[in-house]
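For reference, the structure discussed in these notes is given below.
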Amino acid sequence: MARNGQNGQGAISIRNVTKIYDPEGVHVVAMQDCSFEIAAGEFAVIVGPSGCGKTTLLNAIAGFDNITAGEIYLDGELISSPQKQIKPNVDRMVVFQNGALFPWKTVMENIIYGPIVQGRMKKSEAIQIAREMLNQVGLNEIESKYPEELSSGVQRRVEILRAMINEPRVVMLDEPFRGLDAVAKTVMHEFLMNIYCTRPRTMFFITHDLDEAIFLGNKVVIMTTRPAQVKKIVCVNMPWPREHHILGSETYLGLKKEVLEAVHEEAKKAFEAGEREMA
């Protein structure tokens with residue numbers, strides 16, 4: 001079930017999108033006639049073989065790259081087409097897997113940097129909101145620490161808070177928990193669910209971890225091997241907030257079987273085509 005974002009904002013419409021890379025005449029078709037919808041406030045998880053175009057699509061929505069054909073809309077506004085590309089903006093925030101905190105700034109300074117530089121908040125207002133957010137997720141004691149003093153998991157949580165304070169319509173996360181151990185991932189999942197439930201936003205989440213995809217998502221979009229199209233969309237009708245004991249439930253295991261079969265079929269095609277499988 002989709003959750004309403006703030007003011008019902010954040011609906012993404014991907015319509016017949018094609019992306020062709022042609023460096024030095026190589027002509028690589030990354031996506032071809034790819035279409036699907038994400039409702040406002042929905043937590044959509046994108047899975048598929050490595051190199052299938054997941055990040056390419058994220059970059060187009062974020063405004064980092066253009067598309068060769070098709071259209072992408074955000075709340076009915078055209079944001080990407082061959083003729084038009086809306087530049088990156090705070091309405092579409094991205095959290096990358098490699099992290100992007102300023103090492104010379106404290107946690108507080110990192111979180112409040114965006115809205116202050118953009119002139120959207122006074123410093124006192126930004127600090128108050130950042131403290132509320134830190135308290136909400138149990139991180140109130142780290143506001144004066146620097147990134148190098150934090151674990152990778154805590155750094156990732158700060159990055160997500162830094163994105164959320166901008167009140168974006170869409171938060172895009174490109175394998176943000178990759179490289180974390182199982183315990184750290186569990187903590188991150190609970191943290192992200194807390195944020196999502198209390199500050200609803202549309203989530204566009206890329207992962208190779210199928211357990212993560214089903215546990216977090218309202219909708220799991222399974223992509224084909226390159227050129228990317230939608231192979232299957234699986235709706236995850238489990239109540240929020242979710243706890244990890246559901247991983248053993250009959251409903252969850254049935255969903256995982258369905259997703260695994262679809263992903264495995266595409267990963268096999270990718271492997272046979274000579275692409276490196278990372279599913």
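Would you point out which residue out of S50, S13 is surrounded by fewer than 19 Cβ atoms within 10 Å (Cβ to Cβ) and at pLDDT 95 or above?
Details: S50 fails: at pLDDT 95 or above.
Checking each option against the conditions leaves just S13.
With L150, L161 as the choices, which residue is out of contact with any strand residue (DSSP E or B) (no Cβ under 6 Å at 6 or more places or on another chain) and either closer than 23 Å to T198 by Cα or of a type in the set (V, I, T) (or both)?
The conditions single out L161.
Can you pull out every residue in region 96-111 that is touching a residue at least 40 places away in the same chain (Cβ under 8 Å) and touching an Asp or Glu at 6+ places or on another chain (Cβ under 9 Å)? Break it down into steps so the answer makes sense when it comes.
First pass over region 96-111, keeping only residues touching a residue at least 40 places away in the same chain (Cβ under 8 Å): 96-97, 99-107, 110-111.
Scanning region 96-111 gives F96, Q97, G99, A100, L101, F102, P103, T106, V107, N110, I111.
Would you confirm, using the coordinates I've provided, whether S50 is under 28 Å from F177 (Cα atoms), hydroxyl-bearing (S, T, Y), in a loop (DSSP other than H, G, I, E, B) and assigned by TED's automatic domain parsing to the domain that holds M223? Show your work before the answer.
Numbers: under 28 Å from F177 (Cα atoms): yes; hydroxyl-bearing (S, T, Y): yes; in a loop (DSSP other than H, G, I, E, B): yes; assigned by TED's automatic domain parsing to the domain that holds M223: yes.
Judged against the criteria, S50 is a match.
Do we find a residue being surrounded by fewer than 16 Cβ atoms within 10 Å (Cβ to Cβ) and either modelled with pLDDT of 90 or more or assigned to a helix (DSSP H, G or I) (or both) anywhere in region 58-66?
Here is the first cut: in region 58-66, the residues surrounded by fewer than 16 Cβ atoms within 10 Å (Cβ to Cβ) are 64, 66.
Those still in the list that are either modelled with pLDDT of 90 or more or assigned to a helix (DSSP H, G or I) (or both) too: 64, 66.
Yes, some residue in region 58-66 is surrounded by fewer than 16 Cβ atoms within 10 Å (Cβ to Cβ) and either modelled with pLDDT of 90 or more or assigned to a helix (DSSP H, G or I) (or both).
Going by the structure shown, is L210 surrounded by 22 or more Cβ atoms within 10 Å (Cβ to Cβ), assigned by TED's automatic domain parsing to the domain that holds E42 and more than 16 Å from F36 (Cα to Cα)? Let's see the steps before the verdict.
Values: surrounded by 22 or more Cβ atoms within 10 Å (Cβ to Cβ): no; assigned by TED's automatic domain parsing to the domain that holds E42: yes; more than 16 Å from F36 (Cα to Cα): yes.
Spelling it out, it is not the case that L210 is surrounded by 22 or more Cβ atoms within 10 Å (Cβ to Cβ), assigned by TED's automatic domain parsing to the domain that holds E42 and more than 16 Å from F36 (Cα to Cα).
Taking region 232-279 only, how many residues are outside any helix (DSSP H, G or I), over 23 Å from A184 (Cβ atoms), modelled with pLDDT of 80 or more and of a type in the set (K, R)?
1
V221: crowded, with 22+ Cβ neighbours inside 10 Å, of a type in the set (V, I, T) and touching a residue at least 24 places away in the same chain (Cβ under 8 Å), yes or no? Spell out the reasoning first.
Numbers: crowded, with 22+ Cβ neighbours inside 10 Å: yes; of a type in the set (V, I, T): yes; touching a residue at least 24 places away in the same chain (Cβ under 8 Å): yes.
Against the criterion (crowded, with 22+ Cβ neighbours inside 10 Å, of a type in the set (V, I, T) and touching a residue at least 24 places away in the same chain (Cβ under 8 Å)), V221 qualifies.
Any chance you could count how many residues in region 146-185 are in the same structural domain as K54 (by TED's automatic domain parsing), over 17 Å from the mean Cα position of the chain (by Cα) and in a helix (DSSP H, G or I)?
Residues that pass the stated criteria total 3.
Would you call E109 farther than 30 Å from Q128 by Cα, of a type in the set (D, E) and more than 20 Å from the chain's Cα centre (by Cα)?
Numbers: farther than 30 Å from Q128 by Cα: no; of a type in the set (D, E): yes; more than 20 Å from the chain's Cα centre (by Cα): yes.
So E109 does not fit the description; no.
Give region 97-126 a look and list any residue that's surrounded by 15 or more Cβ atoms within 10 Å (Cβ to Cβ), not in a helix (DSSP H, G or I) and not hydroxyl-bearing (S, T, Y), or say none.
Pass one, region 97-126, residues surrounded by 15 or more Cβ atoms within 10 Å (Cβ to Cβ): 97, 101, 106-116, 121, 126.
Those left that are additionally not in a helix (DSSP H, G or I): 97, 101, 106, 121.
Correct list: Q97, L101, M121.
The values are calculated or read from the model by the stated rules, or taken from the named source; none is laboratory data. What you are looking at is a predicted structure, and each value in this text was computed from that prediction instead of being measured. Every residue, glycine as well, gets a Cβ built from its backbone with ideal geometry; the counts of neighbours run over all protein chains shown.
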